[in-house]
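**Q** Below is the structure I would like to discuss, written out as structure tokens.
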Amino acid sequence: MKKIKIHFGFYLIIIASFFLNFGQELLLSYGIVLLHELAHILAAGLLGIKLSQIEILPFGIAAKFKIEEFKPKDEIIFSLAGPLLNLCLLILSIYYSNQFLIAMNATLLIINLLPIVPLDGGRALRAYLSLKWGSVKSYNFTKRLSQISLAILIIFAISLLIISFNISFLIICAFLMVNISNEHKHHTFLMLKNGILNDIKLQKQPLKTETLTVTPNFLACKALKHFDGNNYYNIQVVEEDKIIKTLTERELIKSLRLKSIRQKISEVIASEHEAIQRLS
């Protein structure tokens, strides 16, 4: 895998910027964003987390690492490194009275500290809350907070568009909407993976057992939100005050991996029955 990956849209933006005479400002903007990302990379390196790839996109730069999930304390340090760098650059820009750099660094600082996952502020808040509440409750809380914060930001962006025809905030909102959706999918994937790791861990040592109670029409993927790396879960299926089936964490995850992630619990039970019939 290449360490640096450049999206073809980046070249189109660069070409357009020189034709439209804002090439210098664009390059300065990318330079500041690159420094922001390098601060994250440096923090990750100090924490012993290795860089996998840097991706240069049409509207930003993203660093990818060789681990999928940070420890909460590492996540806080990593997330705040970028905004801290922008704060230092903002102070320098004010000292040298460079209006463009003041505006750029102030914008990056404010936006990245918003409590929206996957922005730095949202990630740092989620990591801090996970130390107090656990991963599931902190994820659900920050997901809802992200949605509310984004809705407020969209209202502000529309107001700005009407008043001064400034479309930049709407582009930022669209970018955040896509990333919130991707973050939710990524979290679902991690819940699946954590369940698989629990299954491996269970073979070596006992785990504390927790029970979830659901109805047959409950979406199976929603149960994943309650899984964590410290407990093993049994899913108790109730219909008309009777327990009709108890599924293990392993059975649920196996069904979600082999079939649709959007299955209902009743479909998971049906899959288990089919598997038993094939064996008998």
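**Q** I'd like the residue in the range 234-264 that is out of contact with any strand residue (DSSP E or B) (no Cβ under 7 Å at 6 or more places or on another chain) and part of a helix (DSSP H, G or I) and, out of all such residues, is nearest to residue 210 (Cα to Cα).
**A** Among residues in the range 234-264 that are out of contact with any strand residue (DSSP E or B) (no Cβ under 7 Å at 6 or more places or on another chain) and part of a helix (DSSP H, G or I), the one nearest to residue 210 (Cα to Cα) is 250.
**Q** On the basis of being closer than 20 Å to residue 108 by Cα, in contact (Cβ under 8 Å) with a residue 24 or more places away in the chain, in the same structural domain as residue 103 (by TED's automatic domain parsing) and part of a strand (DSSP E or B), does residue 32 make the cut?
**A** No, not satisfied.
**Q** Can you pull out the residues in the range 212-233 that are modelled with pLDDT of 75 or more, assigned to a loop (DSSP other than H, G, I, E, B) and more than 14 Å from residue 256 (Cα to Cα)?
**A** Scanning the range 212-233 gives 215, 216, 217.
**Q** Give me the pairs: first residue in the range 38-65 and closer than 24 Å to residue 9 by Cα, second residue modelled with pLDDT of 80 or more and in a loop (DSSP other than H, G, I, E, B), beta-carbon distance under 8 Å, and six or more apart or on different chains, which are they?
**A** So the pair list comes out as 65/49; 65/50.
**Q** Filter the range 151-161 down to the residues that are touching a residue at least 12 places away in the same chain (Cβ under 8 Å) and surrounded by fewer than 18 Cβ atoms within 10 Å (Cβ to Cβ), then identify the one that is farthest from residue 128 (Cα to Cα).
**A** 158
**Q** Could we say that residue 192 is surrounded by 14 or more Cβ atoms within 10 Å (Cβ to Cβ) and modelled with pLDDT under 80 here? I'd like the intermediate steps shown before the answer.
**A** Values: surrounded by 14 or more Cβ atoms within 10 Å (Cβ to Cβ): yes; modelled with pLDDT under 80: yes.
The answer is yes for residue 192.
**Q** Right, another one. With the requirement that a residue be surrounded by 22 or more Cβ atoms within 10 Å (Cβ to Cβ) and either touching a residue at least 60 places away in the same chain (Cβ under 8 Å) or assigned to a loop (DSSP other than H, G, I, E, B) (or both), what does the range 121-138 give you?
**A** 135
**Q** Of these, 180, 171, 154, 200, which one is modelled with pLDDT of 75 or more and of a type outside the set (S, T, N, Q)?
**A** Result: 154 is the single residue among 180, 171, 154, 200 that is modelled with pLDDT of 75 or more and of a type outside the set (S, T, N, Q).
**Q** Kindly indicate whether any position in the range 81-98 is of a type outside the set (Asp, Glu), crowded, with 18+ Cβ neighbours inside 10 Å, closer than 25 Å to residue 145 by Cβ and more than 20 Å from the chain's Cα centre (by Cα).
**A** Of the range 81-98, the ones of a type outside the set (Asp, Glu) are 81-98.
Subset that is crowded, with 18+ Cβ neighbours inside 10 Å: 81-83, 85-86, 89-90, 93.
From the residues that got through so far, the ones that are closer than 25 Å to residue 145 by Cβ too are 81-83, 85-86.
Now narrow it down to the ones that are more than 20 Å from the chain's Cα centre (by Cα): 85-86.
Yes, there is a match, as at least one residue in the range 81-98 is of a type outside the set (Asp, Glu), crowded, with 18+ Cβ neighbours inside 10 Å, closer than 25 Å to residue 145 by Cβ and more than 20 Å from the chain's Cα centre (by Cα).
The values are calculated or read from the model by the stated rules, or taken from the named source; none is laboratory data. For clarity, every value in this text was computed on a predicted model and none was experimentally measured. Every residue, glycine among them, receives a Cβ derived from its backbone with ideal geometry; neighbour counts consider all protein chains shown.
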